[in-house]
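This report concerns only the one structure given below.
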Amino acid sequence: MQADFDERWHGMALAGEPNAVARLAEAGIAPLYRFCLTRLGGNHHLCEEVVQETLLQAIRRLKTYDPARAGGAIFGWLTGLARNEIRRVLAREKAPATLAEFWRRVDDELRSLYAMLETEPFAGDLLERAETREIVNATMAQLPPHYGQALQDKYVSRRSVGEMAAAMGTTVKAAESLLARAREAFRATFLALAGPMEGAR
């Protein structure tokens with residue numbers, strides 16, 4: 001999801017503007033589905049239930065979303081709500097403890113990276129580290145394709161910004177701008193998967 005759920009959108013959504021509310025649902029369904037499906041053991045029926053309930057909760061609790069704090073990137077807030085719904089569904093379904101334990105361990109491991117990402121510049125080798133490969137792949141899958149391609153070109157293929165600009169048929173300045181947005185999109189999405197459960201607050 002792109003970072004455009006800003007204060008203007010928030011005000012319109014709180015006022016009940018149908019297009020604003022619909023925009024949240026339309027933008028949120030696909031990334032939430034990807035986020036939830038693996039955590040629910042690949043159960044599509046439960047995933048549909050969790051995504052639907054998460055979006056309903058988001059609409060009901062929209063006042064708690066802080067667009068300034070989130071930088072207009074609402075996905076982190078949505079995943080906090082989704083985690084709560086996932087726990088509820090897994091408990092109701094009496095899912096194997098190993099599934100919940102696995103995701104608890106993954107979340108703990110990811111949180112250990114949270115402080116580093118908050119205080120250090122984006123590290124290109126994060127895309128290549130074996131210990132973060134799965135979550136990086138999940139993060140990349142949720143980015144807009146042109147952002148994912150920009151990161152792949154820069155940090156995996158090791159292209160220069162000039163080479164990227166030539167391949168895209170654009171200017172170096174435009175390529176630098178795209179790469180900066182891609183890094184921020186990656187950071188926001190990665191931290192959404194790894195960060196505190198803001199939706200529980």
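The table for this structure:
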read-out	value
Among the residues listed as Val21, Val89, Val50, the single one being crowded, with 21+ Cβ neighbours inside 10 Å and in contact (Cβ under 8 Å) with a residue 24 or more places away in the chain	Val50
Qualifying residue in the stretch 55-65 (condition: within 17 Å of the chain's Cα centre (by Cα) and over 14 Å from Val21 (Cβ atoms))	no
Positions within the stretch 172-188 being of a type in the set (Lys, Arg) and either over 18 Å from the mean Cα position of the chain (by Cα) or outside any helix (DSSP H, G or I) (or both), in sequence order	Lys173
Within the stretch 60-163, helices (runs of 4 or more DSSP H) holding 2 or more residues that are modelled with pLDDT of 65 or more, closer than 29 Å to Ala25 by Cα and in contact with a Cys (Cβ under 9 Å, 6 or more places away or on another chain)	75-92
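The values are calculated or read from the model by the stated rules, or taken from the named source; none is laboratory data. Since the structure is predicted, the reported quantities are computational estimates derived from the model, not experimental observations. Reconstructed Cβ throughout: ideal geometry from the backbone, glycine too, with neighbour counts over all protein chains shown.
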